[in-house]
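Colleague: So that we are looking at the same thing, I have put the structure below in structure tokens.
Please treat every number below as a calculation from the coordinates, not as lab data. In this text the structure is predicted, and so the values were computed from the model without any measurement. Ideal geometry is used to build each Cβ from the backbone, glycine not excepted, and the neighbour counts take in all protein chains shown.
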Amino acid sequence: MSLNPAAIAAQLYTLRDVLKTPEQVASSLKRVRDIGYRAVQVSGLGPIAPERLLDITASLELTICATHVGYEELTDRLDDVIRTHKLWGCDYIGLGLLPERYRDSRAGYEAFIAEFTSIGQKLEASGLHLVYHNHNIEFVRFGDVTGMDLLFAGAQSGAYSLELDTYWVQAGGAHPAEQIRRAKDHIKVVHLKDMAVQGWTPVFAEIGAGNLNWSEILAACESSGVEWYVIEQDVCQQDPFDSLAQSLHWLEALS
């Protein structure tokens, strides 16, 4: 399948080491645009006024398609989060990691899901949507269910959706395409990253440079209603800009 280039975004967490000042943000986003990206997910930036970031992205014709924000921002400063995302024209507000206090039990997951659902309902009332990004820890088993099973069940309310990450699903012992199909109609943003092997160790890799089945993954994304395909690499084996370029160009070559 071929992807709409406008639906492919760069996750800025990949470039976090060169996004510490507004000046670095401006120069780095220009490089992202020059690579060929038309959208970004905001995460990992140093202090920058929302208005300044909007000026930079607007001047480069870059869409802010999604974000990752801290859990305390969602629980304690939700009105500010809403105002910022309305300013940016960004519909998807993401949580990048389950807070540690909820991770050790089924009851912890259930308490988190109840809180997260309430936050999502408030965002829906403002025309925005909450998304949850997984790692491998959500595949911990509590008896006959995993944490991810509980998150999937909670998403059925429609108050939040799942931002599945292909590498971390695989690292959790699950099948990325199968999990994406399972999330049908509850997945609007997906994180694309590959997994390679060095010796005994799995490592992050550019898309197409590892062992994941991309034809199956992308077909699952299309059938499940994914709107944004976000390229991320947590740890790069080369310059992060080169990694983002390699992944984008590999996807572009599919068309």
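Colleague: Would you work out the charge dipole size for the chain about its Cα centre, treating the Cβ of every Lys and Arg as +1 and the Cβ of every Asp and Glu as -1, and quote it to the nearest 20 debye?
Modeller: 140 debye
Colleague: Something else: Relative contact order for the chain: what is it in percent, counting Cα pairs under 8 Å that are at least 6 residues apart?
Modeller: For the chain, the relative contact order is 20 percent.
Colleague: For Leu192, Leu3, which order do you get if you count the other beta carbons within 10 Å of each Cβ and list the fewest first?
Modeller: Ascending Cβ contact count within 10 Å gives the list Leu3, Leu192.
Colleague: How much net charge surrounds Lys30 when only the other residues with a Cβ under 15 Å from the Cβ of Lys30 are counted, with Lys and Arg +1 and Asp and Glu -1? Present the calculation step by step, with values, prior to reporting the outcome.
Modeller: Numbers: positive: Arg31, Arg33, Arg38, Arg52; negative: Glu23, Asp34, Asp55, Glu61.
Here the count lands on 0.
Colleague: Just to confirm a number: summing +1 for Lys and Arg and -1 for Asp and Glu over residues other than Arg106 whose beta-carbon lies under 13 angstrom from that of Arg106, what do you get?
Modeller: Details: positive: Arg103, Arg141; negative: Asp104, Glu110, Glu138, Asp144, Asp149.
So the surrounding residues net to -3.
Colleague: Separate question: What is the spin-label model distance, in nm, from Arg16 to Glu252 if the labels are put 7 Å beyond Cα along the C-beta direction?
Modeller: Label at Arg16, label at Glu252, 2.8 nm between them.
Colleague: Provide, as a two-decimal number, the C-alpha radius of gyration of the chain over 2.2 N^0.38 Å, N being how many residues it has.
Modeller: Expressed relative to 2.2 N^0.38 Å, the Cα Rg reads 0.96.
Colleague: Related question: Only counting other Cβ atoms within 10 Å, I'd like Glu227, Glu163 sorted with the fewest neighbours first.
Modeller: Glu227, Glu163
Colleague: If you don't mind, another one. Just need the Rg to Rh number for region 138-255, please, alpha carbons only, Kirkwood Rh.
Modeller: Ratio of gyration radius to Kirkwood radius for region 138-255: 0.98.
Colleague: Let me ask something else about it. Would region 53-124 count as rounded, prolate or oblate if I go by the C-alpha gyration tensor, calling it rounded below 1.5 in a/c and otherwise prolate when a/b exceeds b/c, oblate otherwise? Walk me through the numbers on the way to the answer.
Modeller: On the way: a/c = 3.03, a/b = 2.31, b/c = 1.31.
Verdict is prolate for region 53-124.
Colleague: For the chain, what does -39500 (n - 2.57) per DSSP helix run (n ≥ 4), summed and divided by total residues, give at 222 nm, in deg cm²/dmol to the nearest 500? Each step should come with its number before you reach the end.
Modeller: Details: 10 runs with 108 residues, N = 255.
Computed mean residue ellipticity for the chain: -12500 deg cm²/dmol.
Colleague: What does the charge add up to near Ser118, with Lys and Arg as +1, Asp and Glu as -1, over the other residues with Cβ less than 14 Å from its Cβ? Don't jump to the answer; show the numbers that get you there.
Modeller: Numbers: positive: Lys122; negative: Asp76, Glu110, Glu115, Glu124.
The answer is -3.
Colleague: So, one more: If the chain between Asp104 and Val235 were fully stretched, how many nm would it gain, using 0.36 nm times the residue separation less the Cα-Cα distance?
Modeller: Using 0.36 nm per residue and subtracting the Cα-Cα distance, I get 44.5 nm.
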